[in-house]
Amino acid sequence: MPELPEIEVIRRGLQLHLPDRRIEAVFYNGKKLRHPVPLEPMQKLLIGGKISKVCRRAKFLLVHIDNDAVLVIHLGMTGRLGLFPEGSALAPHDHLRWRLDGGLELRLHDARRFGSVRLLTAGEAMDIETTLFKSIGPEPFSDACSPAYLFAQAEKRKQPIKTFLMDMKIVAGIGNIYANECLFNTGINPARPAGGLSLHDWQRLLPELRAILQHAIDCGGSTISDYLNAGGKPGYFQIHFKVYGKKGEPCQECGTPIGMVRLGGRASYFCPACQKK
Ligand SMILES: [Zn+2]
């Protein structure tokens, strides 16, 4: 499943190619996605409109149109967005296509169809934080997501710190991989109750979390043009994980075999020696 860094990398790639392109047509193969596809509203609000910018909130991509409508795309488990020359062969799971001027098509490919596409009018887009995103916490890179904020949110909570970090209501877009990695880097045991972390712990954990996300974005960012040109096929994702998926392998800090426990139903990898506290 794509996590926040992958979505941010896709956003950057789209932002390089989409602004100032006019949408000429929308095609939909009728296959159900997670939410009903707003084909008619898209034809009404998007065609003839020019894309102004591509933003991201949590794992949603926001394609802004010059009439202030916003196309909101979530890639779910297997969704991919790619740019193709108009008329090039379609793949079996290319469910939606937006034909752009300049002979290009933006295509949404999604084998498992957990992705979604919504369209917000200008008015709806203004309220997006209190409607569509009302249950989503601040972005990890934002000022609102501070050590003091996280410390206050975690206060008195007994749930494991790792589960807390992955709660979208607390902070947006921290998936399993990055929660595991940042806890390893700070020596914090993933099962430790979230409320037990001191403000000082948060002052160490948040910069680590941001650094890991930024590193992943940088790794993907260097090859983003290729990514889009290859039709959104992953392949850029060559990040070296320290604990994620490494059960039984020696810890690269101390050689102790990496352990695995299930927390909140999710596999949690850790070094029993380096992450004692
Ligand atoms: Zn270790």
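The values are calculated or read from the model by the stated rules, or taken from the named source; none is laboratory data. All of these numbers come straight from a predicted model, not from anything done at the bench. A quick note on method: Cβ atoms are made from the backbone with ideal geometry, for glycine too, and the neighbour counts reach across all protein chains shown.
Within this structure, residue 162 fails the test of being at pLDDT 95 or above and either surrounded by fewer than 15 Cβ atoms within 10 Å (Cβ to Cβ) or more than 18 Å from the chain's Cα centre (by Cα) (or both).
Scanning region 125-178 for residues that are part of a helix (DSSP H, G or I) and either of a type in the set (Gly, Ala, Ser) or in contact (Cβ under 8 Å) with a residue 60 or more places away in the chain (or both) turns up 125, 128, 148, 152, 154, 162, 163, 176, 177, 178. The number of residues in region 262-277 being within 14 Å of the ligand (Cβ to nearest atom) and surrounded by 20 or more Cβ atoms within 10 Å (Cβ to Cβ) comes to 5.
All of (1) out of contact with any Gly (no Cβ under 9 Å at 6 or more places or on another chain); (2) within 15 Å of residue 206 (Cβ to Cβ); (3) assigned by TED's automatic domain parsing to the domain that holds residue 264 hold for residue 176 with one exception: (2).
Residue-wise test of (1) at pLDDT below 80; (2) assigned by TED's automatic domain parsing to the domain that holds residue 12; (3) near the ligand (Cβ under 9 Å from one of its atoms); (4) in a loop (DSSP other than H, G, I, E, B).
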| position | (1), (2), (3), (4) |
| --- | --- |
| 236 | yes, no, no, yes |
| 241 | no, no, no, yes |
| 245 | no, no, no, yes |
| 253 | no, no, yes, yes |
| 260 | no, no, no, no |
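In summary, residue 135 fulfils each of the numbered conditions (1) in contact with a Gly (Cβ under 9 Å, 6 or more places away or on another chain); (2) within 30 Å of residue 244 (Cβ to Cβ) with the single exception of condition (1).
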